[in-house]
Amino acid sequence: MIVEALTRHGWDSRVAKQFEAIATDGQQPGRVLIEHRGSYVVATEAGDISASVSGRFRHEAAAAEEFPAVGDWVVMSESHEKTAIIHAVLPRSSQFVRSGRGDMPGAQVVAANVDLVLLVTGLDHDFNLRRLERYVTLAWSSGAEPVIVLNKADLCEDVAERVAEVNGIAPGVPVRVLSARDGVGIDSLRPLLEEGKTVALIGSSGVGKSTIVNALLGWERQQIGEVRESDQRGRHTTTVRELMVTDSGALLIDNPGMRSVGMWDADEGMADAFADVDAFAVECRFSDCAHEGEPGCAVLAAIADGRLPLARLESQRKLGRESAAQVRRQDAALRATERKRWKTIHKSVRNHMRIKYGPDAR
């Protein structure tokens, strides 16, 4: 299937095969550009169109992560109101997720089908290594490649020291340093915007994501707000997730700032994010070593002689416990949702039987 108008949004042979495998006559593909409170703007062969999920989709979805997210490829049909109805989401090649909202169990998908994640943090008073570790772990779990972007270099007295600290908690992850407001260092990001690649910006409020997006686009697409002097925190100037096409042909996803980052299904990401810890762990005498005083523990030996910071082991333990606890809560929430769903189905069937066969029908 050839959909030339969608090639600028990343349509390729892989997506085409997925679409053809599940689509029926009259249905068309699209890519989600904007997500806002349950409604969507989707790019189609005929242009951008408003869309919402079908009633059946909404009823059968068991978790928040099953709903469309910015970057998703979807299967749609047009309704009589000149809007699109989304019937299915194609399998994702990657997804950046965080703890979901309270009304539905499961993860919240922040960006889907992303090739590269720019983890943006400020070199001002809001700089936080532990939070950056979380972002890196989730980025590795997403299936996309992470790049750390240290913005606001003009507000930092010792940039080299900060870069060294970041390299210490994110070994092997490329680091870019810039001052987006002044345009310094922006050119270091441009080679990353390859044609057809989808790049997502992730970070807290006030770190300068919108300023970076505007600089990469060459015009002010996103509103920019000032940070508070007291704590260098920013307002949510970006209020919706949005996918945009750059002049280079890359696709850029800007996200609202995330004040908290809960771990979610991060086991695979843990291995990459803490590769430095695991490199010593393989030398431990016992394969199930918990690094808590066992004889022959190579991790504790590395900490003792300064080859590995103790903070790295402590972070690995903390994020591992948090991820495991999140999985337990997820399982309980999903079971509760499933019970509620079947209770509603059974009640509907009983009501239908009473209407059709009388009040004594069972």
Practice task
From (1) touching an Asp or Glu at 6+ places or on another chain (Cβ under 7 Å); (2) at pLDDT 95 or above, pick out the condition that doesn't hold for Val97.
Solution key: (2)
Practice task
Assess whether Ser287 counts as being among the polar types (S, T, N, Q) and either over 17 Å from Thr137 (Cβ atoms) or at pLDDT 95 or above (or both).
Solution key: yes
Exercise for the section: Identify, by number, the condition in (1) closer than 30 Å to Leu310 by Cα; (2) assigned to a loop (DSSP other than H, G, I, E, B); (3) at pLDDT below 90 that Gly225 doesn't meet. Expected result: (1)
Completion exercise
Filtering region 127-146 for residues that are surrounded by fewer than 19 Cβ atoms within 10 Å (Cβ to Cβ), touching a residue at least 24 places away in the same chain (Cβ under 8 Å) and not in a strand (DSSP E or B) leaves a count of 4
Problem - Subset of region 142-174 [touching a strand residue (DSSP E or B) at 6+ places or on another chain (Cβ under 8 Å), within 26 Å of Met270 (Cα to Cα) and of a type in the set (Asp, Glu)] - result: Glu145
Practice task
Could you look through region 162-184, keep only residues that are basic (Lys, Arg) and in a helix (DSSP H, G or I), and pick out the one that is nearest to Lys152 (Cα to Cα)?
Solution key: Arg181
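Taking the stated definitions as given, is His59 surrounded by fewer than 18 Cβ atoms within 10 Å (Cβ to Cβ), modelled with pLDDT under 95, within 30 Å of Ser323 (Cα to Cα) and not assigned by TED's automatic domain parsing to the domain that holds Ser142?
Yes; evaluated as a whole, the condition is true for this residue.
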Exercise for the section: Assess whether Trp73 counts as being closer than 23 Å to Pro309 by Cα and surrounded by 16 or more Cβ atoms within 10 Å (Cβ to Cβ). Expected result: no
Completion exercise
From the option list Asp187, Asp247, single residue qualifying as part of a loop (DSSP other than H, G, I, E, B) and modelled with pLDDT of 90 or more is Asp247
Practice task
Would you check which residues across region 17-58 are in contact (Cβ under 8 Å) with a residue 40 or more places away in the chain and in a helix (DSSP H, G or I) and list them?
Solution key: Gln18, Phe19, Ile22
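The values are calculated or read from the model by the stated rules, or taken from the named source; none is laboratory data. Computed from a predicted structure; not experimentally measured. In this analysis, Cβ positions are derived from the backbone assuming ideal geometry, glycine residues included, and neighbour counts consider all displayed protein chains.
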